[in-house]
1. May I ask you to verify whether Y97 is over 14 Å from Y23 (Cα atoms) and aromatic (F, W, Y)?
2. Quick one: what pairs do we get from segment 60-87, first residue under 16 Å from A128 (Cβ atoms) and touching a residue at least 40 places away in the same chain (Cβ under 8 Å), second hydroxyl-bearing (S, T, Y) and part of a helix (DSSP H, G or I), C-beta under 8 Å, 6+ apart or different chains?
3. Quick check, is S58 modelled with pLDDT of 80 or more and touching an Asp or Glu at 6+ places or on another chain (Cβ under 6 Å)?
4. When both residues are 6+ apart or on different chains and their Cβ atoms are under 7 Å apart, which pairs have a first residue that lies in segment 34-59 and is under 19 Å from L102 (Cα atoms), and a second that is loosely packed, with under 13 Cβ neighbours inside 10 Å?
Amino acid sequence: MTLPQISWLVGAPPALLALMIIYGALELPGLWIFFITALLGFYVDLLSPNRLGTSVISLSLLGGIILTQKPTRVAQRLDYRLLLVMVGTFLYLCVDYVFHLLQIGRFNWPFGLWSVMALSAVLNACLALCLFPLLNWFGRMMGWRGREQAPRYAS
């Protein structure tokens, strides 16, 4: 669920799974994101040996944190969304690595790993600039009514 590693950037891959969960948490109505995170997390756990349950937990945590920021007015701004992508990706990679360390029973954290996680978060933000409008356009072509077109009821 990552793109190939970019060797001149210390091997930092953009985490596509985290990017899709952040997009879903920002764009999907209601609590659909938890259903999607459960399916994607379970799928990733089935593909990886000895990881049953950790991806579901880390992705649900990521989706829940991003979902709490959705109702704010500032969440509609592009710069804030890119900040959510960077922080959310970094948080996902940290939590996923902590689960990995707990499973193998080794608790040292190499210093170079922080730079790889930070570069992955920046790459996800750059990728989000292209991917989010493309997914919105594709959704509108398929008939999905986004948050801009949702009916608003008078109080």
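The values are calculated or read from the model by the stated rules, or taken from the named source; none is laboratory data. Remember, it's a predicted structure, so these values are computed and weren't measured experimentally. So basically every Cβ, Gly included, is an ideal-geometry build from the backbone, and we count neighbours across all protein chains shown.
1. On the way: over 14 Å from Y23 (Cα atoms): yes; aromatic (F, W, Y): yes.
Considered against the rule, which asks whether it is over 14 Å from Y23 (Cα atoms) and aromatic (F, W, Y), Y97 comes out as yes.
2. L62/T37; L62/Y92; G63/T37
3. On the way: modelled with pLDDT of 80 or more: yes; touching an Asp or Glu at 6+ places or on another chain (Cβ under 6 Å): yes.
Answer is yes for this residue.
4. Final answer for the pair search is D45/L52; D45/G53; N50/Q103.
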